[in-house]
1. Kindly establish whether B:Thr231 is of a type in the set (Ser, Thr, Tyr), in contact (Cβ under 8 Å) with a residue 60 or more places away in the chain and part of a loop (DSSP other than H, G, I, E, B).
2. Give the residue, chosen from A:Thr240, A:Thr175, A:Thr183, that is within 23 Å of the chain's Cα centre (by Cα) and farther than 21 Å from B:Val53 by Cα.
3. May I ask you to say which residue of B:Leu290, B:Leu286 is at pLDDT 90 or above and more than 26 Å from B:Gly97 (Cα to Cα)?
4. Could you check A:Thr257 against (1) away from every other protein chain (no Cβ under 11 Å); (2) closer than 24 Å to A:Trp144 by Cα; (3) in contact (Cβ under 8 Å) with a residue 12 or more places away in the chain; (4) not hydrophobic (A, V, I, L, M, F, W, C) and say which number it fails?
5. What do you reckon, is B:Phe103 in contact with a strand residue (DSSP E or B) (Cβ under 9 Å, 6 or more places away or on another chain) and either crowded, with 18+ Cβ neighbours inside 10 Å or more than 27 Å from A:Gln277 (Cβ to Cβ) (or both)?
6. Those residues that are within 16 Å of A:Leu44 (Cβ to Cβ) and surrounded by fewer than 17 Cβ atoms within 10 Å (Cβ to Cβ), I need them from region B:144-166; list them, please.
7. Give me the residue from region B:113-135 that is at the interface with chain A (Cβ under 8 Å from one of its Cβ atoms) and modelled with pLDDT under 95 and, out of that set, nearest to B:Phe237 (Cα to Cα).
8. Counting only residues that are of a type in the set (A, V, I, L, M) and facing chain A (nearest Cβ under 7 Å), which one in region B:284-299 is surrounded by the fewest Cβ atoms within 10 Å (Cβ to Cβ)?
Amino acid sequence: MTLTAEAPPTRAARPARRPSSRRRSLREAGAGYAFLTPWLLGFLLLTAGPMAASLYLAFTDYNLFAPPQWVGLENFTRLFSDPNYTQAWKVTALYVVVGTPVKLLASLLVAMLLNNAFRGKGFYRSAFYLPSLVGASVSIAIVWKAMFIDGGVVDRGQQLLGFSAGGWVGDPNRTVPMLILLTVWQFGAPMVIFLAGLKQVPTELYEAAAVDGAGPVRKFFRITLPMLSPVLFFNLLLETIHAFQIFNSAFIISNGTGGPARSTLFYTFYLYIRGFQDFQMGYASAMAWVLVLVVGAISLVLFQTQNRWVHYSGESK
Amino acid sequence: MSTSTSTQPAGPVATARSTVSDEHSARLRRTARNRRGAREIVFHVVTLLIVAVILYPAVWMVVSAFKPSNQIVGNVGIIPTDASFDNFTKALQGIGGVSFWTFFKNSLILAVLSVVGIVISCSVSAYAFARIEFPGRKIFFSLMIGTLLLPFHVVIIPQYIVFNNLGLVNTFIPLLIGKFLAAEAFFVFLMVQFMRNLPRELDEAARIDGAGHVRIFTAIMLPLMKPALVTSSIFAFIWSWNDFFGPLLYLKNPDLYSMPIALRLFVDQTTTSDYGAQMAMAVLALVPVLLFFLVFQRYLVEGVATQGLKG
């Protein structure tokens, strides 16, 4: 209706073009939303809706059976006086802050080792990638437990080297290091990404640096690292976010308890216990939202600081 | 590679000099080749050592599955002395009256339906992001990337409440619905990246011939997207197969258990000293993953590599 009303003047200026192009863009929009329907539905029903719901639940007391009771900020104030919650942050922070850099360093070093013209690289790359594929499985958690238990293979190895200290599984001081080793073991995925990044560094840069008499250390800090910084940024962001969510291995190795001495009570593990064993859905929702805010803040800081250390070369968008 | 061309003598006058320099450069080349050979050997020795350390836990797991239970913990060696299939027969007996093959079948159903759901829903949605201009596309794309970074724990509690109220706990539906609604942004992102690299002239030519989006998508895009679809399918299968958290929340009835939670139950129920059967069951739970890895390793590694680059 409105279309026809304003049609005459435009038709006079540009005969018949405007309505048809507008109709076409309308049709394009229709097609766009039609094709986007699966994702749009999923986003509304499985992400946005539940996020809003858990934000509401975070301010309530809800146990699945009685209707939710509004309690204001009580869940959040309780969080900070809950010793288990503090403990969950402590082990999770240790795991993220130590595990992620060590894993990235290992993956970068091995990627640089493999970035050469020798044969057999494809085989090595695949072999190193395998742990990333199976590392989060229950099977590997069981194997890890059997290897690090008192008198296990790792203990035997330590005895041979003369510094046996018993099992890692039962020692609260060494459960997090044991799980850090498990994540470092899965360095293959970031390594593959580093390797793809290294391949894109133009060899002329190294040749020019060699002519200028630069040694390997200078080449690394002046060429490799800056050229690799976008990939490093990507790996750092994803691995950090991922590390916050450790669950499977801690759950299996501690038999679902978070022990010994709460040393494997990681953040999402404690969230699971509160939400799905104690059915304190409001409390668990508050925990989930604090996690989202913390992870969001870290992502934001990484994105904000990226123009200080991430170097995007001219040709890549 | 092209060393011979650089030392070609220029003419008869230069012959005497050039034989000398030829000999000299040949020697240089030989030492360079030797040095390169030596470096290559060092490279292989170092890398193979790392490979040995990295693959040791996996090899140890497989070998242990063939050992008697009392010879597993603390047995560093990877050559079994008296290998047998006893552990596997015990693992295949199942748990609490439920057959091993029931768990296997459940995992297979979940994994296959996940692949179907992800291939359909993510490719269709990715087409909208990559090839259609419509208002709101940029915002939705940013939101999609945002869900890639979002800890999923913030949605599981309301999701559980809703599925519980609908009586869908103890069915496969909560585990599969997200796969059919493109909720796994990783795959949407991977397919968008792939489609953006396909030449636009293809769809423009088809448009001039009067093809609509449905035709362009099914007749042009889908066939060209095969590598991305294969990569996505393999990842979708393996991730579904290894998924522990979802089945832990939603599958309470042992008849519906998938392999990972059956494995956990098995470990809980067997006496802690029966490591042999546990290892056998752990190996059996990984067999499909290892098969996929052996057959499709290139697709997997390439998929990971491209995912990280064009961001």
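The values are calculated or read from the model by the stated rules, or taken from the named source; none is laboratory data. Quick caveat: nothing in here was measured; it's all calculated off a predicted structure. A quick note on method: Cβ atoms are made from the backbone with ideal geometry, for glycine too, and the neighbour counts reach across all protein chains shown.
1. Against the criterion (of a type in the set (Ser, Thr, Tyr), in contact (Cβ under 8 Å) with a residue 60 or more places away in the chain and part of a loop (DSSP other than H, G, I, E, B)), B:Thr231 does not qualify.
2. Sole residue among the options that is within 23 Å of the chain's Cα centre (by Cα) and farther than 21 Å from B:Val53 by Cα: A:Thr240.
3. B:Leu290
4. With respect to (1) away from every other protein chain (no Cβ under 11 Å); (2) closer than 24 Å to A:Trp144 by Cα; (3) in contact (Cβ under 8 Å) with a residue 12 or more places away in the chain; (4) not hydrophobic (A, V, I, L, M, F, W, C), A:Thr257 is out only on (3).
5. It is true that B:Phe103 is in contact with a strand residue (DSSP E or B) (Cβ under 9 Å, 6 or more places away or on another chain) and either crowded, with 18+ Cβ neighbours inside 10 Å or more than 27 Å from A:Gln277 (Cβ to Cβ) (or both).
6. The answer is B:Gly146, B:Val162.
7. The selected residue is B:Ile132.
8. Going through the qualifying residues, I end up with B:Val289.
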